[in-house]
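*Asks:* Take this structure first; my questions come after.
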Amino acid sequence: MRWVDRVIPRVAMLFRSFAVQITLGLMSTAENTPVVCSNCFNDVGLRLDTERIGSDAPEACPNCGATGFKKLPHAGVEALAHRYFVWGSMWRARYGAAPLIQFNEHQPTSIDIQPWLQPDVQLIERLLGVGFFHYGPRLWMLGEIEPLKALQRSKTRSSIVSRILTEYPTRILEPQEQFYRIRVNPSDPTDKAQYDSPPPQHAGRGRLDTKGQPVLYGSTDLEVCIHECRVTAEDETFVATLSPTRSLRLLDLSVLLREADDVTEFESLDLTVHMLFLAGRHSYRLTREISESARKAGFDGLVYPSYFSLLRLGQMPFQTVYGISHRRIEQLQEHEQSKTIPNLALFGRPVSSGSIDVACIDRIIINRVGYEYHFGPTGA
């Protein structure tokens, strides 16, 4: 029996969970009889998270009797527990990440609980019939993936880079398509050349460029551009709307690579590239080598996942069900693909060479800043 056949019944269970119904917009089918309200919780973080995901109901809370507070159904308590204890305990490795805490109905609570959380944990235990425990993740979640490990070794790196150039698709960027490029505090914001690749003294600082090979970075998502440039309210910020003057051939690393059923997470090239572009600056030597190889192979540039994709969309990284990546489950792959915001990286100096046209330049005024956040336990 293939692993995918074994996991299908588990996927059906996953779709019944409140957390996934929230993620996929299926909440209308969930059982909505309230069982608790935000007033039931002692911890302020749990109270505020309940206010965010709960709903208004006129009747008194069946648990504490209070009125006027957001309420959660039974499945909503499950979502709150996942949001706070699982997502809230996420620990990042050099590549990948995994929660430190999980819960289920099979194990008693064995984690250390801060005094202010004890009554809340007891309430959730009673309502869900679960226990909280320290999670031992499958090691692929922490970067133990064979292609990723081979990519980090100089002797085997070229073979993985070659696979990436071969197995990922080509995307054609057509002249009618537009994208954005931000400049912060340019010396002359009306000069179109200011929106080309950085000058030589600033080259070699990004994810895909080197000192000898400049790259023009852009995105079709303007907010991602602002995030990528770390814009502050004090900056003078300008955006150029760009479009190609000819068809550009790009290697598309932003796609979810559909792999054979017998490929596990430990062997996945898709997860290798996914983790690579969600990693910090320590990954740049690897992404730059992929970029340089793509340039030598005749590509005009790359489409790659923005590091800020998950933050832009408010999504949890590296989600799994029973230790299986959502990216490996066919029913969830379309949703997983939607969690990636593609950026563009064009080789050389495409504005000065004439392959990119600057259609217009506008000033950006930051007039409102807001953060979406949730909470997690301390001392996990």
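The values are calculated or read from the model by the stated rules, or taken from the named source; none is laboratory data. This is a predicted model, so every value here is computed, not measured. Neighbour counts are summed over all protein chains in view; Cβ atoms, including those assigned to glycine, are modelled from backbone coordinates with ideal geometry.
*Asks:* Specify the residue that is surrounded by the most Cβ atoms within 10 Å (Cβ to Cβ); the eligible residues are those in the stretch 107-140 that are without any contact (Cβ under 8 Å) to a residue 60 or more places away in the chain, part of a loop (DSSP other than H, G, I, E, B) and in contact with a Phe, Trp or Tyr (Cβ under 7 Å, 6 or more places away or on another chain).
*Replies:* 130
*Asks:* Based on this model, can you work out whether residue 148 counts as of a type in the set (A, V, I, L, M, F, W, C), closer than 30 Å to residue 320 by Cα and touching a residue at least 12 places away in the same chain (Cβ under 8 Å)?
*Replies:* Considered against the rule, which asks whether it is of a type in the set (A, V, I, L, M, F, W, C), closer than 30 Å to residue 320 by Cα and touching a residue at least 12 places away in the same chain (Cβ under 8 Å), residue 148 comes out as yes.
*Asks:* Return the pair list, or none, for Cβ contacts closer than 8 Å from residues in the stretch 325-342 that are surrounded by 20 or more Cβ atoms within 10 Å (Cβ to Cβ) to residues that are assigned to a helix (DSSP H, G or I) and hydroxyl-bearing (Ser, Thr, Tyr), at least 6 apart or on different chains.
*Replies:* Close Cβ pairs satisfying both conditions: 339/309; 340/309; 341/309.
*Asks:* Test residue 195 against the stated conditions and say whether it is touching a strand residue (DSSP E or B) at 6+ places or on another chain (Cβ under 9 Å) and under 29 Å from residue 98 (Cα atoms).
*Replies:* On the way: touching a strand residue (DSSP E or B) at 6+ places or on another chain (Cβ under 9 Å): yes; under 29 Å from residue 98 (Cα atoms): no.
For residue 195, the condition - touching a strand residue (DSSP E or B) at 6+ places or on another chain (Cβ under 9 Å) and under 29 Å from residue 98 (Cα atoms) - is not met.
*Asks:* Can I ask one more? Kindly indicate the residue of the stretch 54-69 that is surrounded by 13 or more Cβ atoms within 10 Å (Cβ to Cβ) and closer than 12 Å to residue 32 by Cβ and also farthest from the chain's Cα centre (by Cα) among those meeting that condition.
*Replies:* 57
*Asks:* Output the residues belonging to the stretch 18-57 that are among the basic types (Lys, Arg) and either at pLDDT below 90 or touching a helix residue (DSSP H, G or I) at 6+ places or on another chain (Cβ under 7 Å) (or both).
*Replies:* Quick first cut of the stretch 18-57, residues among the basic types (Lys, Arg) only: 47, 52.
Within the stretch 18-57, 47 is the sole residue that qualifies.
*Asks:* Another question, if that's okay. Can you name the residue in the stretch 346-380 that is within 19 Å of the chain's Cα centre (by Cα) and surrounded by 12 or more Cβ atoms within 10 Å (Cβ to Cβ) and, of all such residues, is farthest from residue 182 (Cα to Cα)?
*Replies:* 376
*Asks:* Looking at (1) β-branched (Val, Ile, Thr); (2) surrounded by fewer than 17 Cβ atoms within 10 Å (Cβ to Cβ); (3) assigned by TED's automatic domain parsing to the domain that holds residue 36, find the lone condition where residue 156 falls short.
*Replies:* The single condition residue 156 does not satisfy is (3).
*Asks:* Here's something else I'd like to know. Answer yes if at least one residue in the stretch 219-230 is surrounded by fewer than 22 Cβ atoms within 10 Å (Cβ to Cβ), among the acidic types (Asp, Glu), over 22 Å from residue 310 (Cβ atoms) and at pLDDT below 95, and no otherwise.
*Replies:* no
*Asks:* OK, next. Without any contact (Cβ under 8 Å) to a residue 40 or more places away in the chain and of a type in the set (Lys, Arg) - does that describe any residue in the stretch 287-307?
*Replies:* For the stretch 287-307, residues without any contact (Cβ under 8 Å) to a residue 40 or more places away in the chain and of a type in the set (Lys, Arg): present.
*Asks:* Taking the stretch 159-182 as the region of interest, how many residues are in contact with a Gly (Cβ under 6 Å, 6 or more places away or on another chain) and surrounded by fewer than 18 Cβ atoms within 10 Å (Cβ to Cβ)?
*Replies:* The total comes to 0.
*Asks:* Can you name every residue in the stretch 285-308 that is under 20 Å from residue 247 (Cα atoms) and among the β-branched types (Val, Ile, Thr)?
*Replies:* 303
*Asks:* OK, next. Picking from 165, 117, 151, which residue would you name as being assigned by TED's automatic domain parsing to the domain that holds residue 38 and either hydrophobic (A, V, I, L, M, F, W, C) or in contact with a strand residue (DSSP E or B) (Cβ under 7 Å, 6 or more places away or on another chain) (or both)? If you could, list the steps in order and put the result at the bottom.
*Replies:* Numbers: 165 fails: assigned by TED's automatic domain parsing to the domain that holds residue 38; 151 fails: assigned by TED's automatic domain parsing to the domain that holds residue 38.
Just one listed residue meets the conditions, 117.
*Asks:* Go through the stretch 260-279 and count every residue that is under 25 Å from residue 205 (Cα atoms) and at pLDDT below 95.
*Replies:* Of the residues in that region, 0 qualify.
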